[in-house]
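See structure below.
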Ligand SMILES: Cc1ncc(C[n+]2csc(CCOP(=O)(O)OP(=O)(O)O)c2C)c(N)n1
Ligand code: SF4
Ligand code: SF4
Ligand SMILES: [Mg+2]
């Protein structure tokens, strides 16, 4: 790893913001020979308050929708200059910037085969503009545009299956990761960058402000999402599921839900919790998240 | 030609986010630390530096007091203390 500090203190993310933590882990794993294109969103805003920048690598702010297109141009230019092999290109955005408004540019980047690592920092809503729901907001989340009412317990749609959508492009590497597993993030970034072609990584990053938990709970909340099966840590290589973090005992989703204000309205509502448990159970089955019990005798 | 460029990002000082701490600040006891550096790896501010018990240090100019270093420490060697409990606010 470089000794140079690649992501510096002095950025203005909220205390305990997992997106700021994950962004630092990503660039430290990628190293200094990296160029980043960054969609608008909290990460862009809190890391580059002009005239300061937290980034000690070349970094460009795109529009909200097009970091994948800007990164594609950077990659093409590096190939023309004969410098691509020595340089990583990363495109990064929030969940809104990825699954909604930036999906077209991302799909183009994946389909054209650019040698770029795309990272989606998934805090499950449009945080920078005040917690509006996105395509990656989970089922029954209370957000400002999916408020709870007498008729609806929050957001009515399940998460868009972005890893599978990316995988359907026939790209060599797709992975999910979580701020609750920092070493795993760095391992996957390094692995992704060792593979030529388009790569998609989606990192679950708790947002104390939008999820309404204490800043010191960030890592615990992130871990619970994985340990309940609601945010499976998986890898696809060349289209095939090649890895999944397994657990001998998966926790009930209620443990994850009760740790956050955005799900508080569900706690006295066993029917809703059952529906969310069904999402986790489906993941457990689909990705085979249950570890075989070790024979102890 | 281009919009705002930050030519020497390494020189930018950023905001002194240490002033955001309102209640608690992390304090290294330096008793049971085994130098695992987990605190360094999870600090979102990148404001902890050092190698071992003797050298690990928090830069209070930037520490926002989020508490993640204290939560992750396997040896409970980082306590979150009241901001004013030990002299003035750092
Ligand atoms: C075309 C366009 N529409 C809307 C905005 C306003 N806007 C800026 S950041 C943002 C939300 C970003 O959400 P997400 O991508 O999830 O990132 P987060 O802030 O949650 O990290 C929005 C709507 C914009 N900058 N450009
Ligand atoms: S609003 Fe959420 S994502 Fe944005 S800086 Fe704060 S904690 Fe991070
Ligand atoms: S309290 Fe938070 S910001 Fe301060 S040193 Fe610990 S992890 Fe870093
Ligand atoms: Mg978001």
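The values are calculated or read from the model by the stated rules, or taken from the named source; none is laboratory data. Only a predicted model underlies this, so the values are computations on that prediction, with no experimental measurement involved. Cβ sites come from the backbone with ideal geometry, for glycine too, and all protein chains shown count toward neighbours.
Structural remarks
- Test for residue A:130: is it in contact (Cβ under 8 Å) with a residue 40 or more places away in the chain and either away from ligand 3 (no atom under 16 Å from the Cβ) or assigned to a helix (DSSP H, G or I) (or both): no
- Matching residues in the range B:20-45 - criterion: being within 13 Å of ligand 3 (Cβ to nearest atom) and in contact with a strand residue (DSSP E or B) (Cβ under 8 Å, 6 or more places away or on another chain): B:23, B:24, B:25, B:26, B:27, B:28, B:39, B:40
- Which numbered condition residue B:17 misses (of (1) touching a strand residue (DSSP E or B) at 6+ places or on another chain (Cβ under 9 Å); (2) surrounded by 13 or more Cβ atoms within 10 Å (Cβ to Cβ); (3) over 16 Å from residue B:80 (Cα atoms)): (1)
- Matching strands (runs of 3 or more DSSP E) fully within the range A:141-244 where at least 2 residues are within 22 Å of residue A:129 (Cβ to Cβ): A:199-204
- Just one of the listed residues (A:220, A:225) is within 16 Å of ligand 2 (Cβ to nearest atom) and within 14 Å of chain B (Cβ to nearest Cβ), and it is A:220.
- Condition check for residue A:131: within 15 Å of ligand 2 (Cβ to nearest atom), within 14 Å of chain B (Cβ to nearest Cβ) and touching a strand residue (DSSP E or B) at 6+ places or on another chain (Cβ under 9 Å): no
- Residue A:205 satisfies every condition listed in (1) away from ligand 1 (no atom under 16 Å from the Cβ); (2) crowded, with 24+ Cβ neighbours inside 10 Å; (3) within 14 Å of another protein chain (Cβ to nearest Cβ) except (1).
- Pair list, Cβ under 7 Å, 6 or more apart: the range B:48-63 residue touching a residue at least 40 places away in the same chain (Cβ under 8 Å) and within 14 Å of another protein chain (Cβ to nearest Cβ), other residue assigned to a loop (DSSP other than H, G, I, E, B) and within 16 Å of ligand 1 (Cβ to nearest atom): none
- The range A:1-113 holds strands (runs of 3 or more DSSP E) entirely within its bounds, and those carrying 1 or more residues that are within 14 Å of chain B (Cβ to nearest Cβ) and either within 20 Å of the chain's Cα centre (by Cα) or surrounded by fewer than 24 Cβ atoms within 10 Å (Cβ to Cβ) (or both) map to A:34-38, A:59-61.
- Members of the range B:74-90 found to be assigned to a loop (DSSP other than H, G, I, E, B), in contact with a strand residue (DSSP E or B) (Cβ under 9 Å, 6 or more places away or on another chain) and at pLDDT 95 or above, listed by number: B:77
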